[in-house]
Amino acid sequence: MGACLLLLAAVSGPSYPEGSSAAAAAKDAQNLLGLLLTMLLMSAVLVTGSTVALWTNQRLGQFAVLRALGVTAGRLRALVVADVALVALAPSAVAAVAGTVPVAGFGRRLLIERELFPAAVDLPSAGQTWAIAVGACLGTCAVAVLAALASVLAAGRVQPIDLLKDQSLALAPPRRNVGRLVAGIAMVLMLCGPLVALMVVMDLPPVLQGALVMGLATAVIPTLAVLAPWFVPLLVGPCCAVLLLLDRKAGRIAAAGLRAAPARTAAIAVPVLLAVGTVVCLLGSGATIGAAVQQQTEQALRADAVVTAEPGHQLPARPAGLPGGTAVAPIATKVTAPPSFYDDKPKPTRAWGVDGAALRSALDLGEQQGRLDELAPGTFAAGSTEATARHWKLGQDVTFTLADGQQAQLRLVAVYQRDLAFPSYVLPADLALEHTPAPYADRVLLRGDPGAWELRPGQRLATRADYLAHLRPRNVQDDMASRLIVAVVGGYALLALANTCAIAQRDRRSQRAHLRALGLGRGQLLRCVVYEVLASALVGTVLAVATAGICLVPLARAVGQGALPALDVPWTVGVLVGVLVATAVPAALAARPLRGIRRQFATGSA
């Protein structure tokens, strides 16, 4: 968090020339760091809250003793607050002093390599760096205390009479607080509901819907965590049935532990929800849009070969023709549409300037209304996304701002469907040439024998099959930014998961000792421990799948992928393997189920 704040302060300080590459890189860096900081804060609140709740639930017996000795409820709550603050202060102080500058330096170099950070911007001065480090340390402690507020209040509700109840107070199901339920319902109605309605009802462009996915995920994940006391018991039943089918004896014991301790199950499920939900939603949105771009490109491309420019080169706006065939060279330009309901300050949008009849022979854009061969001076064609969102009708006159700043009134003559893989507007070639500074061809589409094309330096020729095979539909910078956020947040969640699984075994020593005394073998006891934590992780995975469905299904429908969104398979498999390791290994090591029966009883006192 300190490194993120340090980089954000560095990039926000200087002023940049308007329209320069440094200004664009600074804007990208601010967006990336802002989103990363938001995700880190959300992760800290969720993980800290669930972990402290588990830790507090395990100390209810100690709290009852303190209350019997005369400690007031207020004093007990103050002690819990002090414990949480001190536990958070030590590691945050070490991290702020020893890790802020090195991590910020590494992040700066990484972002500069990806053109996501201005190369001329250095880290802040020593005084500002120390101030940010101290602020990050104190802010971490404050976040920890606020996240633990519910547990602090629960500690004050312990009464001396609780000493006479079941000795295993930590296994008692948590109270379903009415205030928590009201807060969860309010989050559903005020955060999740409007965002889902915006994605489903409004005709937003797929790019905007993809941007909304992360916002919706940051609303859905905390909402499910707040409502966990109501969701977890519903999912525990099916998990217990699976355990009974998997292993009748050890599974029965593990199922009993799941049913008796929903607080422990929720504490393990929340980090799993955070890790898996973040990976699936954030990378799944990019994968879904990328799959749609790939599909549209494969369906549209009629050309036998495609000529593109090597990095650092441009194709001529009027290239030579193809002997015995046709060469179509769409001119790359930009236009700015008039303001609309969802975009009151529109930005320049990619467009092509090309002969409509020639383009139809090399590319099938999926015409829905009108025909591209009707493209003539004073007309234009638009993608269905823009036409639907702006409520344009065929034959309607629209005033555009062209690439050179001049305005032109054009009449809509065609609406095409495949506007995700290709530009949103198609203009007449002469209009694009006249109003585009330093015009160049975006690519050259060849119909005929590709071998007859005169390949010049700086040009790259690929057959249709090779072009589709090497197509990279996802933006490299956006892809890298998403993976960076996922790596940081997912890694944090997995570390928290491992810590929680180890803590969750703290109050189980006497239970394990008694199970060993009753004849349970070492292997059976190990399976009981592993079954229980994996079932808790399964609950979190199911909640993550629900989150992915809420966030990604509307996006998949909007881009024509049906009800099943695409996933980033390597990262999804990787995070699931990480969850498996982070749950089973720490729990098994902390439980020490392979100890002999005498050693179990020697350390088995609660």
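The values are calculated or read from the model by the stated rules, or taken from the named source; none is laboratory data. Quick caveat, the model's predicted, so the values are computed rather than measured. Here the Cβ is made from the backbone with ideal geometry for all residues, glycine too, and neighbour counts use every protein chain on show. The accessibility values were calculated without ligands, DNA or RNA, using every heavy atom of the protein model including side chains. Shrake-Rupley method; radii C 1.70, N 1.55, O 1.52, S 1.80 Å.
Scanning the stretch 270-291 turns up at least one residue that is open to solvent by less than 10 Å² (accessible area, probe 1.4 Å), farther than 19 Å from A584 by Cβ and over 15 Å from the mean Cα position of the chain (by Cα). From the list A256, A303, A241, the lone residue that is in a loop (DSSP other than H, G, I, E, B) and either acidic (D, E) or over 16 Å from the mean Cα position of the chain (by Cα) (or both) is A303. Taking the numbered list (1) open to solvent by 50 Å² or more (accessible area, probe 1.4 Å); (2) more than 25 Å from the chain's Cα centre (by Cα); (3) outside the structural domain of L372 (by the TED database) in turn, A250 passes all entries but (1). For the stretch 1-28, taking the residues that are closer than 30 Å to L273 by Cβ and in contact with a Phe, Trp or Tyr (Cβ under 9 Å, 6 or more places away or on another chain), the one that is most open to solvent (accessible area, probe 1.4 Å) is identified as D28.
For A292, the requirement of being among the hydrophobic types (A, V, I, L, M, F, W, C), without any contact (Cβ under 8 Å) to a residue 24 or more places away in the chain and either on the phi < 0 side of the Ramachandran plot or assigned by the TED database to the domain that holds L526 (or both) is not met.
The sole residue among A563, A606 that is under 30 Å from P206 (Cβ atoms), modelled with pLDDT under 85 and touching a Lys or Arg at 6+ places or on another chain (Cβ under 7 Å) is A563.
Of the listed requirements (1) in contact with a strand residue (DSSP E or B) (Cβ under 6 Å, 6 or more places away or on another chain); (2) hydrophobic (A, V, I, L, M, F, W, C); (3) under 30 Å from I485 (Cα atoms), L274 misses just one: (1). The strands (runs of 3 or more DSSP E) found entirely in the stretch 314-431 that carry 1 or more residues being among the β-branched types (V, I, T) and open to solvent by less than 10 Å² (accessible area, probe 1.4 Å) are 326-328, 331-335, 379-383, 397-401, 407-416, 425-427. Of note, A481 satisfies the criterion of being more than 30 Å from P586 (Cβ to Cβ), buried (at least 18 other Cβ atoms within 10 Å of the Cβ) and at pLDDT below 90. Check G448 against each of (1) at negative phi; (2) assigned by the TED database to the domain that holds A403; (3) open to solvent by less than 80 Å² (accessible area, probe 1.4 Å) and name the one condition it does not meet. Checking G448 against (1) at negative phi; (2) assigned by the TED database to the domain that holds A403; (3) open to solvent by less than 80 Å² (accessible area, probe 1.4 Å), the one that fails is (1). For the criterion of being surrounded by 20 or more Cβ atoms within 10 Å (Cβ to Cβ), modelled with pLDDT of 85 or more and either of a type in the set (S, T, N, Q) or assigned to a helix (DSSP H, G or I) (or both), I185 fails. Summed over the stretch 563-572, residues that are closer than 18 Å to V488 by Cα and open to solvent by 80 Å² or more (accessible area, probe 1.4 Å) total 2.
Only one entry in A64, A90, A131 is surrounded by fewer than 18 Cβ atoms within 10 Å (Cβ to Cβ), assigned to a helix (DSSP H, G or I), modelled with pLDDT under 85 and not aromatic (F, W, Y), namely A90.
Within the stretch 517-531, the set of residues being in a helix (DSSP H, G or I) and either at pLDDT 90 or above or open to solvent by 20 Å² or more (accessible area, probe 1.4 Å) (or both) comprises A517, R522, G523, Q524, L526, R527, V530, Y531. Within the span defined as the stretch 580-598, every residue fails to be modelled with pLDDT of 85 or more and of a type in the set (D, E, K, R). Looking only at the stretch 10-33, decide whether some residue is in contact (Cβ under 8 Å) with a residue 40 or more places away in the chain, in a helix (DSSP H, G or I), under 17 Å from L153 (Cβ atoms) and under 24 Å from the mean Cα position of the chain (by Cα). Within the stretch 10-33 (the criterion being in contact (Cβ under 8 Å) with a residue 40 or more places away in the chain, in a helix (DSSP H, G or I), under 17 Å from L153 (Cβ atoms) and under 24 Å from the mean Cα position of the chain (by Cα)), the answer is no, since none of the residues qualifies. Apart from one condition, A535 fits all of (1) in a helix (DSSP H, G or I); (2) in contact with a Lys or Arg (Cβ under 7 Å, 6 or more places away or on another chain); the exception is (2). Tallying residues that are part of a loop (DSSP other than H, G, I, E, B) and under 19 Å from A358 (Cα atoms) within the stretch 440-471 yields 6. When N31 is tested against (1) farther than 19 Å from L149 by Cα; (2) buried (at least 21 other Cβ atoms within 10 Å of the Cβ), only condition (2) is not met.
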